[in-house]
Amino acid sequence: MKTIKSLIGIVSIIMFFAIYIQACITGGKASEVNGTAGVIVAFAIFFGGLVGAVSRKTAIGGFVAAGLFIVGAIIGFANIGAFPYLTSWAIISAVFGVVHVVIGVLMKKLVMDYGVKPKFKPPKNMS
């Protein structure tokens with residue numbers, strides 16, 4: 001599960017650059033709303049991937065990342081307009097969000113049923 005979250009994080013950070021450049025190019029050709037919506041979707045995917053990759057060992061971080069991905073998907077679907085590229089990015093964002101929710105639920109279930117906790121060592125006392 002941690003590997004999947006890390007992989008989605010890396011892929012979404014790479015996707016950010018493609019979405020951002022595409023949104024800037026199409027936003028300059030037509031209305032500013034579609035370009036701005038693409039930039040917002042790009043940043044939602046970027047920060048969702050970043051939070052998901054950084055908090056790969058916790059369920060709460062997965063839920064936060066899922067929220068960011070789903071917000072990006074909603075904005076993408078709401079502003080499809082004349083540009084079909086927002087549809088594909090919104091679908092990918094929604095899939096990433098659902099994957100993070102499923103992994104978060106499975107991680108919480110492991111903790112509740114089996115007592116399996118993510119390995120975390122508190123910092124040693126510096127005294």
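The values are calculated or read from the model by the stated rules, or taken from the named source; none is laboratory data. Keep in mind the model is a prediction, meaning the values are calculated, not measured. When we count neighbours, we look across all protein chains shown, and the Cβ atoms used for this are built from the backbone with ideal geometry, even at glycine.
On the given criteria, is PHE69 aromatic (Phe, Trp, Tyr) and either crowded, with 22+ Cβ neighbours inside 10 Å or on the phi > 0 side of the Ramachandran plot (or both)? Yes; evaluated as a whole, the condition is true for this residue.
All of ALA53, ALA42 fail the test of being under 28 Å from LEU110 (Cα atoms), buried (at least 19 other Cβ atoms within 10 Å of the Cβ) and not basic (Lys, Arg), apart from ALA53. Here THR3 meets the list (1) surrounded by fewer than 18 Cβ atoms within 10 Å (Cβ to Cβ); (2) modelled with pLDDT of 90 or more almost entirely, failing just condition (2).
So, in the range 72-86, of the ones that are on the phi < 0 side of the Ramachandran plot and among the small types (Gly, Ala, Ser), which residue ends up surrounded by the most Cβ atoms within 10 Å (Cβ to Cβ)? By that ranking, first place goes to GLY72.
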